[in-house]
Each structure stands twice: as structure tokens, then as C-alpha cells.
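Structure, as C-alpha cells:
The values are calculated or read from the model by the stated rules, or taken from the named source; none is laboratory data. None of these values were measured; they are calculated from a predicted model. Using ideal geometry, Cβ is built from the backbone for each residue, glycine included, and neighbour counts are taken over all protein chains shown. Note: areas computed on protein heavy atoms with side chains; ligands, DNA, RNA excluded. Shrake-Rupley method; radii C 1.70, N 1.55, O 1.52, S 1.80 Å.
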Amino acid sequence: ATRTADEQMGEKMEFNSMGFVRAGSNKSIPRKVGTTVAVVKPFEALPVRRADLAMRIKFYRAKLLKMIQGYAIFASGVRLNLIDISGDIGRPASKTDYVLTTSERSITIPERVSSVLGSM
């Protein structure tokens, strides 16, 4: 979902596995200015990849976190929230953990490093 400062309402879009917008998925929604991207069940249609991911989840999770930390350090003016949701989304038994949170206020690279990796 995304909204610019010039728009009154935001736009929600869903993409198919090929990266194209699904027909009929565009919806106008109320939201704050910004963009939210949610990746849900990325390997659902690929059982071999899903099995590999399940076996090596800790390795892939650490690799993903390092990549996003690197992006967060060098992307100025961007606020990132990386949230890990375990279990079925929207169910009472699901667990939400904030893995990475940054601030738009960090202007210099040392401030962004401190924001992402903690004070040194």
C-alpha cells in the first residue's frame, strides 16, 4: 500500500508470483503518507524451496537481516520497520517481533549506523 503527500487516499495493490499487479486488486484505502510492503508466504508455490528454507531458516534469516541493515545504513530519509510474524497472520496465536526499526531523523552515516546497529 502506498500514498504520496499529494493524494487524499492511499492505493493498495497485490502482485502475482510473476511480479504483475493482480487484476481487480487495486483498492483505495485510508493511510498515512508512505509505502508499506508485505511479503507473505513467498515460497508457497515452490515446495522444494520451502523445504530448503525450513531446513536453513536461521542462515537465511541472518543473511536477510544483514542485507536490510546495510540498506538502512546507506538510505537516508527512509524509515524502516522489519517485522517478523510467526504463525497465521491475524490469529490470536500469531507472534509479532520487531526485528529492525530505524528513524528518518538520522541524517549522517554515523547516526544511521548507531540507529541500526546500536551505539558503539
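Each stretch of four or more DSSP H residues adds -39500 (n - 2.57); spread over every residue of the chain, this sum gives -9500 deg cm²/dmol at 222 nm. Dipole check for the chain: with +1 at the C-beta of Lys and Arg, -1 at the C-beta of Asp and Glu, and the Cα centre as origin, the magnitude is about 320 Debye. Put a dot 7 Å past the Cα of LYS58, heading toward its Cβ, do the same for THR2, and the two dots end up 3.8 nm apart. Note on region 1-71: with charges restricted to the Cβ of Lys and Arg (+1) and Asp and Glu (-1), its dipole about the Cα centre is near 420 debye.
Report the local net charge at GLY77: Lys and Arg +1, Asp and Glu -1, summed over other residues whose C-beta lies under 11 Å from its C-beta. Local charge sum for GLY77: +2. Sorting ASP52, ASP6, ASP88 by solvent-accessible area of protein heavy atoms yields ASP6, ASP88, ASP52, largest first, with a 1.4 Å probe.
Hydrophobic, long helices, defined as DSSP H runs whose alpha-carbon span along the helix axis is 24 Å or greater and whose mean Kyte-Doolittle value is at least 0.5, occur in the chain at 57-74.
Please tell me which of these pairs span more than 20 angstrom C-alpha to C-alpha: LYS41/LYS95; LYS66/LYS95; LYS12/LYS41; LYS12/LYS63; LYS32/LYS66? From LYS41/LYS95; LYS66/LYS95; LYS12/LYS41; LYS12/LYS63; LYS32/LYS66, over 20 Å: LYS66/LYS95; LYS12/LYS63; LYS32/LYS66. Annotation: MET9 carries an accessible surface of approximately 90 Å², with a 1.4 Å probe and no ligand, DNA or RNA atoms counted.
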